[in-house]
Amino acid sequence: MKENFKKIANYYRNLPKNEWKELRKSVSTVEYILWWQVRVMMIFAMLMTLKTYLATGEKFDILIQLIANTVAAFSVTLLRVIFPKQIFLGRVPYSAMKYGMVIILLGSYCGHYLGWCGKPGYDTFLHVLSGFLCVFICYEAVIKGLQTQNRPVSGFIASVIGFGMGCFVIIVWEIFEFTYDYFVGTTLQDFLFNPDENYIVYRVFGKPVNMAQVPVFDTMIDMITAVLASIPASAILWASVAHKQKKEAPASAIHPASPQIELQEAMKK
């Protein structure tokens, strides 16, 4: 019992130092500075929205979203500190956060705090961007987080897992939008109800004929655009992982020696 307690105490004593080493190994100085800029912007937006809510009782839905996304900006650090390394969540790499910060900045700060989600097409742009980046986030989090040994994963497997997990995240997000609208009384699912006849989504798919169709229309367009965006992302991931492995692999792994060459090398030894 005492030995186990000592191991646990030693683990948490060295945790800050070990996490800092892992962070510096995974993230460049420029990226780390940019992360904190986004975090400060989110904290500022959250406090300003809280001030408005306390004064007027308005913007409660935006406040909740900003609080959730501010916490999300620290999510990888929190997971790695809370969960031990024996559990997958405790090994999620810091590199996954660099894609998530882009979504937090453009989706929460610009989209909800600055109100850009009210602009025609911006919500669709966010889902395209999120669908694209989710493939890389899931690759970083799942593949690298689950690996306990330095075993390479083929580009094909990486792209399939990135695409599959990305689609899973897309579905979970749409379920969240529905649940959030239902319980909080917000309108996350009606940004596509735009009277602009030239809006490209309406020109391709047609407009909802009444308000009852808007949530279904919005959900399906969001899912379709996000999934379509994840396809080229998966192809890029496949090519990137394959190229990296080919570049890092020794020549013998890329061009295996013939049996005659192997026999000659053995005789020399």
Candidate set: the range 202-229, residues that are small (Gly, Ala, Ser) and in contact with a Ser or Thr (Cβ under 9 Å, 6 or more places away or on another chain); chosen: the one modelled with the lowest pLDDT: 226
Selected residue (criterion: nearest to residue 109 (Cα to Cα)) from residues of the range 16-33 that are in contact with a helix residue (DSSP H, G or I) (Cβ under 7 Å, 6 or more places away or on another chain) and part of a helix (DSSP H, G or I): 31
Residues within the range 58-82 that are in a loop (DSSP other than H, G, I, E, B) and either open to solvent by less than 50 Å² (accessible area, probe 1.4 Å) or modelled with pLDDT under 90 (or both), tallied: 3
Yes/no for residue 5 being over 30 Å from residue 116 (Cβ atoms) and in a helix (DSSP H, G or I): yes
Count of residues meeting criterion [of a type outside the set (A, V, I, L, M, F, W, C), assigned to a helix (DSSP H, G or I) and open to solvent by 30 Å² or more (accessible area, probe 1.4 Å)] in the range 83-97: 1
Residue within the range 110-131 that is among the polar types (S, T, N, Q), touching a residue at least 60 places away in the same chain (Cβ under 8 Å) and open to solvent by less than 40 Å² (accessible area, probe 1.4 Å) present: yes
Qualifying residue in the range 38-47 (condition: surrounded by 15 or more Cβ atoms within 10 Å (Cβ to Cβ) and not hydrophobic (A, V, I, L, M, F, W, C)): yes
Condition met for residue 100 (assigned to a helix (DSSP H, G or I), at pLDDT below 90 and either open to solvent by less than 40 Å² (accessible area, probe 1.4 Å) or of a type outside the set (A, V, I, L, M, F, W, C) (or both)): no
Some residue of the range 46-55 being under 30 Å from residue 226 (Cα atoms), touching a residue at least 40 places away in the same chain (Cβ under 8 Å), out of contact with any Leu (no Cβ under 6 Å at 6 or more places or on another chain) and in a helix (DSSP H, G or I): no
Complete set of residues in the range 152-170 that are over 27 Å from residue 218 (Cα atoms), open to solvent by less than 60 Å² (accessible area, probe 1.4 Å) and part of a helix (DSSP H, G or I): 155, 158, 159
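The values are calculated or read from the model by the stated rules, or taken from the named source; none is laboratory data. None of these values were measured; they are calculated from a predicted model. We place every Cβ from the backbone using ideal geometry, glycine too, and count neighbours over all the protein chains shown. Ligands, DNA and RNA are stripped out before the accessible areas are found, and what is left, the full protein with its side chains, is counted by its heavy atoms. Shrake-Rupley method; radii C 1.70, N 1.55, O 1.52, S 1.80 Å.
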